[in-house]
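What follows is a short report on a single structure.
Every read-out reported here was derived from the displayed coordinates using simple, explicitly stated rules and does not represent laboratory data. Since we're looking at a predicted model, the values are computed, not measured. Note: ideal-geometry Cβ built from the backbone for every residue, glycine included; neighbour counts use all protein chains shown.
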Amino acid sequence: MPEFDIVVIGAGSAGCAVGGGLAETGLGTVCVLEAGPTDAVPQVKVPFGLLWTMGSARDWRFRSAPQASLGDRAIKVTRGRMLGGSSSINSMVWFRGRADDYDGWGLPGWGWSEMEPAFEAVEARLSPKRLPDPHPLSEGFGRALGANDDGPPTPERESAGVFHVNMRNGRRWSAADAFLRPAQKAGRLEVLTGANVDRIGWEGARAARVHLTDGRVVTARRGVVLSAGAIGSPAILMRSGVGPAADLRAHGIEVVQDAPGVGANLHDHPSVGLHHAGPRSGYGLTLDQLPAWAGAPFRWLLRRDGRMASNFVEAGAFLRAMPPTSDGDARPDIQVHFIPYMMGWQGRMITMGSGYFADVNVCRPRSRGRLRLASADPRAAPEIDLGLLSDPSDRDILVAGLARLREVLARAPLGPHRAPERHPGPDVQTRDALAEYVTQSCGTSYHPVGTLRMGERMGDMTAPVAPDLAVRGREGLWVADASVIPSIPSSNTNAPSMTIGHRAAQLISAALVG
């Protein structure tokens, strides 16, 4: 039975950061457990390879429960299943969110005054920079609101631009590259791949060991850190007997601690987009582009640029879709992702033709869902009810956002690459028609958060996790991933997830020293 001082469950965006950070403290031996395989394959390192990793064996390939507000459709919930987690499968874009996102949490240690230097420390490891070789369409969309200074758009105000990304020399630079490998090379940290976790074992209230699905047991002398993400972490905790008592008993799980908040507060950025298609517009599968596609791998190998160096989601914007509120709130309420590629709208992501795509995402959704166990079997996916558009205001923002996006696309300087809207098409104009399109097409940005949310230790006892990231009612157990987020930041969540991992290493180290 292998023994370590600290065992981290999950080598994803936050898990790599907390594992690497704890290893650097010298407080003891650290082991990071990863259910999936290594990330050392070309489709991970080549940025454009994300088209092949999504939906592959390196993706958990979750699907949601039927969503009542989406005509009972089940939607994809893509999550990385390899070293680096979702930072090895995503589009690598880097956004902190708004300063008031964190001040709005109202939690000690998590306001902007603490988060800003944490972001800066993480960025020193990753060095996110402007996408070096964007398509002319992306450059044009980046000027949709006027000239810019080549900086990325920001949710702090209406803005557009080419995205900043986690790449180095044309390669993906994931959380595993930034945090895990330096600690491994220094001999401070051990990583076990193919280590799928069943549950945590207890000695009294203390997290003492981790049971793997293949029967192995890993002992944790000083503590366990849950970093399996907003889907994995609550599922492991519930299989370990901590969660809503009635749900656990229904699956034959012994209740160690009745914790109704485990799995609650699940939410994501709802998203719906517009498809444009036409000759000589964006990248796509056309006869005239075949030579460029054939040469793209060699160009990437020799120069690290071109189509293979694209992160797919190259540019975007933050816009205000709804009128200002009665109290004067005029913050951007939608984020736009711009993709200069032909994307299918009939069930296939990539199809013949040339085109581009842009979506709208609700920055601060009000809808909430819940994650439950579907079975006590750790090989069974949990029941993921995102609750998408259960609050009507989210649908209103998406409908208004589509109209605003059309206006922005119409005036963006796209030049000879402009193409007509093909789906839903110019005939879909009325509010009712757009609302129906949202029902038929809405998905998410793959940013699930909130299932083990932080809350004040005295003021919000329904929150499973305290602001110091300790699990309430347990000893030697912390959570460090997007599941602790009380309310989702206004933009992509990969940067906040890594930064939560960075902060977790500091907080856990302080707890162990104290």
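Numbers at a glance
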read-out: Nitroxide proxy distance, nm - points 7 Å out along Cα→Cβ at Thr193 and Asp468; value: 3.7 nm
read-out: Nearest-0.05 FRET efficiency for Ala410 and Ala74, computed from C-beta distance (R0 56 Å); value: 0.95
read-out: Mean Cβ count within 10 Å, highest first, over the residues of peptides 414-426, 219-231, 14-26, 197-209; value: 14-26, 219-231, 197-209, 414-426
read-out: Under 16 Å from Lys76, Cα to Cα: aspartates and glutamates that are on another chain or at least 8 residues apart; value: Asp59, Asp268, Glu383, Asp385
read-out: Per-peptide average of other Cβ atoms within 10 Å, ordering 164-170, 346-352 highest first; value: 164-170, 346-352
read-out: All lysines inside 23 Å of Lys185 as judged from Cα atoms, apart from same-chain residues fewer than 8 positions distant; value: Lys45
read-out: Linear extension gain, Asp305 paired with Ser56, 0.36 nm per residue minus alpha-carbon span; value: 87.2 nm
read-out: For the chain: relative contact order, % (alpha-carbon pairs under 8 angstrom, 6 or more apart); value: 24 percent
read-out: Among 290-299, 435-444, the order from most to least packed when residues are scored by Cβ within 10 Å on average; value: 435-444, 290-299
read-out: Taking all pairs of distinct alpha-carbon atoms in region 354-490, Kirkwood radius in angstrom; value: 18.1 Å
read-out: Potential lengthening between Ala99 and Glu456 on full extension [0.36 nm per residue; Cα-Cα distance subtracted]; value: 126.5 nm
read-out: Rh by Kirkwood over Cα pairs, then Stokes-Einstein D for the chain at 1.306 mPa s and 10 °C, µm²/s; value: 69 µm²/s
read-out: Ranked list, fewest to most other Cβ atoms within 10 Å of each Cβ, for Ile6, Ile488, Ile253; value: Ile253, Ile488, Ile6
